[in-house]
Amino acid sequence: MRTRYDYLMSYFPMWKNHLRFRTAMYMCALLGGAMLFIEPLASPFLLAGAAYFHERMQQARALIESGRMVMIGN
């Protein structure tokens, strides 16, 4: 049987990836919106990056929220 610590540590990299992708998505979206008025040629690339990181975030969230058994105790 796995302990609660082992359970949390097995999903910790996925939680970190979810946060990393969400942060990158928001940064690309904000920079893409700002660059829309400053440098319009760079804006589509940043907004495409935001869309890419949004998809990666959805995949990471699906791995985290997948059905699994939670062992409480010990």
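The values are calculated or read from the model by the stated rules, or taken from the named source; none is laboratory data. Given the structure is predicted, the values throughout are model-derived calculations rather than measurements. Every residue, glycine as well, gets a Cβ built from its backbone with ideal geometry; the counts of neighbours run over all protein chains shown.
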Qualifying positions in the range 5-27 - modelled with pLDDT under 95 and over 9 Å from the mean Cα position of the chain (by Cα): Tyr5, Asp6, Tyr7, Leu8, Met9, Ser10, Tyr11, Phe12, Pro13
Contacts under 8 angstrom Cβ, first residue in the range 15-27 being within 16 Å of Leu47 (Cβ to Cβ), partner in a helix (DSSP H, G or I) and among the small types (Gly, Ala, Ser), 6 or more apart: Phe21/Ala60; Ala24/Gly49; Met25/Ala50; Tyr26/Ala50
Residue list for the range 41-74, filter: assigned to a loop (DSSP other than H, G, I, E, B) and either within 20 Å of Phe12 (Cβ to Cβ) or modelled with pLDDT under 90 (or both): Glu65, Ser66, Gly67, Arg68, Met69, Val70, Met71, Ile72, Gly73, Asn74
